[in-house]
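Q: Have a look at the structure that comes next, please.
The values are calculated or read from the model by the stated rules, or taken from the named source; none is laboratory data. A quick note: this is a predicted structure, and the numbers were derived from the prediction, not measured. Here Cβ is always computed from backbone atoms with ideal geometry, including for glycine, and neighbour counts include all displayed protein chains. Please note that ligands, DNA and RNA were not included when accessible areas were found on the heavy atoms of the full protein model with its side chains. Shrake-Rupley method; radii C 1.70, N 1.55, O 1.52, S 1.80 Å.
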Amino acid sequence: MAKVQRYRDTEPFPAGLITVTMGGSYLLASFVQPAPFYTAQNIKVLCPKNPMSLQEKLFYCAVFQHNRFRYHSHSREANSTFDDILIPEKEDIPDWVYSKNMIKPSSDRIGTHHILTDCHKWKWFRYDEVFDIRKGFYNKKPDFSSGHEIPFIGATDTNNGITGFYALQDIERASKTGQEPNQDLEQKIFKGNCLTVSNNGSIGYAFYQEKAFTCSHDVNPLYLKDRPMTKYIALFLATLIEKEQFRWAYGRKWRPKRMPASLIKLPIDSNEKPDWNYMEDYMKGLAYSSSL
C-alpha cells in the first residue's frame, strides 16, 4: 500500500514471509513479501516452520486463496477460523510446482518517465463517446475441450479474466443454452486488442485481451472508437475503470444498457480530446513496462 520509514524500535517482519488478508474486500489475498515489511490490521503473517522454496510458498498462497468462498467481507471474516483450514502436507505438493521456472521480471522502462498530470484538469467522457461497447454472447461453456486455442473470458477478478481454454470446433458445436438452434462461430468469437469488463459477478474488473477470445454475456468487450487499442493504453484505462467499482453491485449490475451513459475521466490534449499518446507514454515510462 505504501513505503514507510522504520518505526522507532519496532523491527519490520523479515522478507520471504507470507501475508494473508483476514478481512475487507480481498479476503485471503496471499502474497510472498520480497522485502522487510510492516502490516496493517487484519493481516496474518505466516512463517514456515521448516525451510521452504519460493515455489512452495507461492503454491500455498494459491491454496489459501482457493478457500475464499468460505468467507465474506464484514460478516464472516477469516480471523477466527483461518488456522483450521486444511491444506496439503509439504510432501503432497505436486511435482509440477517444482518444475516452474521462477523468472523475475525486468524492472526496466521502455520510455521516459512522466509525471502524472493533474487529474482535476482531466475531462469526463461518456463511455459511448470513447468506446465501441460490445455485448458478450457466449454464455454456456463447452462441456469439454479438445484443444487450447481460444480463451473463455468470464466474470472473474483473476487470471486476466480467463476461466478456461477451448478448441474452436468445441466452441462452434456448443450452443448458448445447450440446445438448438446454435449460432454461427463468428458471433461467439471477439477480436483481440480490447478491454473486457465484467458487468456481473466480479463487477468492474477490466483486463486487456491481446488475442481473439470468447466470453459470457457477463462480460462487455470494449474497443476504442478512434484508434486501435494498445496494451499500454488498455492498462491505463483498466486502472481508471476499476476505480469506479464501488458504483456497482449484484443489485445494480453494470449491464450494457447502463454502460454507454457511464462516465470515465481522461487526460486531454489541446483539442480537449482523450490524449492517447500521453496515456501510452506514461505507461511506457513506468518501472517494469519492458516486462508487459
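Q: Output the residue which, of all residues in segment 204-223 that are open to solvent by less than 20 Å² (accessible area, probe 1.4 Å) and among the hydrophobic types (A, V, I, L, M, F, W, C), is nearest to Lys253 (Cα to Cα).
A: Initial filter on segment 204-223 (open to solvent by less than 20 Å² (accessible area, probe 1.4 Å)): 204, 206, 209, 213-216, 219-222.
Checking which are among the hydrophobic types (A, V, I, L, M, F, W, C) leaves us with 206, 213, 215, 219, 222.
Details: Ala206: 15, Phe213: 23, Cys215: 17, Val219: 11, Leu222: 17 Å.
Looking at residues that are open to solvent by less than 20 Å² (accessible area, probe 1.4 Å) and among the hydrophobic types (A, V, I, L, M, F, W, C), I get Val219.
Q: On to the next question. Taking segment 224-233 only, how many residues are closer than 15 Å to Phe131 by Cα and either buried (at least 19 other Cβ atoms within 10 Å of the Cβ) or polar (S, T, N, Q) (or both)? Spell out how you get there, then give the answer.
A: As a first pass, look at segment 224-233 and keep what is closer than 15 Å to Phe131 by Cα: 224-230, 233.
Right, trim to either buried (at least 19 other Cβ atoms within 10 Å of the Cβ) or polar (S, T, N, Q) (or both) and you get 224, 229-230, 233.
Counting residues in segment 224-233 that are closer than 15 Å to Phe131 by Cα and either buried (at least 19 other Cβ atoms within 10 Å of the Cβ) or polar (S, T, N, Q) (or both) gives 4.
Q: Next question, about the same structure. Residue by residue through segment 94-109, note down the ones that are among the aliphatic types (A, V, I, L, M), open to solvent by less than 90 Å² (accessible area, probe 1.4 Å) and assigned to a loop (DSSP other than H, G, I, E, B).
A: Met102
Q: All but one of (1) crowded, with 17+ Cβ neighbours inside 10 Å; (2) in contact with a Gly (Cβ under 9 Å, 6 or more places away or on another chain) hold for Pro34; state the number of the condition that does not hold.
A: So the condition that Pro34 fails would be (1).
Q: Within segment 253-292, which residues are open to solvent by less than 30 Å² (accessible area, probe 1.4 Å) and touching a His at 6+ places or on another chain (Cβ under 7 Å)?
A: Selection gives Gly285 alone.
Q: A further question follows. Restricting attention to segment 55-88, report how many residues are under 21 Å from Gly23 (Cα atoms) and part of a loop (DSSP other than H, G, I, E, B).
A: Residues flagged as under 21 Å from Gly23 (Cα atoms) and part of a loop (DSSP other than H, G, I, E, B) within segment 55-88 amount to 14.
Q: Here's another thing I want to ask about it. Among the residues that make up segment 236-247, is at least one of them modelled with pLDDT under 95, touching a strand residue (DSSP E or B) at 6+ places or on another chain (Cβ under 9 Å) and open to solvent by less than 40 Å² (accessible area, probe 1.4 Å)?
A: yes
Q: Another question, if that's okay. Specify which of the listed residues (Glu91, Glu11) is outside any loop (DSSP other than H, G, I, E, B) and either of a type in the set (D, E, K, R) or more than 24 Å from the chain's Cα centre (by Cα) (or both). Steps first, answer last, please.
A: Details: Glu11 fails: outside any loop (DSSP other than H, G, I, E, B).
None of the other options fit; the residue is Glu91.
Q: Please go through segment 270-292 and give me each residue that is assigned to a helix (DSSP H, G or I) and in contact with a Pro (Cβ under 6 Å, 6 or more places away or on another chain), ordered by number.
A: Tyr278, Ser291, listed by residue number.
Q: Right, next: Between residues in segment 245-265 that are more than 21 Å from Thr156 (Cβ to Cβ) and residues that are open to solvent by less than 30 Å² (accessible area, probe 1.4 Å) and assigned to a strand (DSSP E or B), which pairs lie under 9 Å by C-beta distance while being six or more apart or on different chains?
A: From residues that are more than 21 Å from Thr156 (Cβ to Cβ), the pairs are Pro260/Phe131; Leu263/Phe125; Ile264/Phe125; Ile264/Phe131; Lys265/Phe125.
Q: Right, another one. All but one of (1) free of Cβ contacts under 8 Å to residues at least 40 places away in the same chain; (2) in a loop (DSSP other than H, G, I, E, B); (3) crowded, with 17+ Cβ neighbours inside 10 Å hold for Leu27, so report the exception by its number.
A: Unmet for Leu27, out of (1) free of Cβ contacts under 8 Å to residues at least 40 places away in the same chain; (2) in a loop (DSSP other than H, G, I, E, B); (3) crowded, with 17+ Cβ neighbours inside 10 Å: (1).
Q: I would also like to ask the following. Take residues that are surrounded by 14 or more Cβ atoms within 10 Å (Cβ to Cβ) and without any contact (Cβ under 8 Å) to a residue 24 or more places away in the chain and tell me which of the strands (runs of 3 or more DSSP E) falling wholly in segment 122-170 contain 1 or more. So that I can check it myself, show each step before the final result.
A: Working: elements: 123-126, 131-133, 150-153, 162-166.
Once the strands (runs of 3 or more DSSP E) in segment 122-170 are filtered for at least 1 residues that are surrounded by 14 or more Cβ atoms within 10 Å (Cβ to Cβ) and without any contact (Cβ under 8 Å) to a residue 24 or more places away in the chain, what remains is 162-166.
Q: Given the conditions (1) open to solvent by 90 Å² or more (accessible area, probe 1.4 Å); (2) β-branched (Val, Ile, Thr); (3) closer than 20 Å to Val32 by Cβ, which single one is not true for Thr112?
A: (3)
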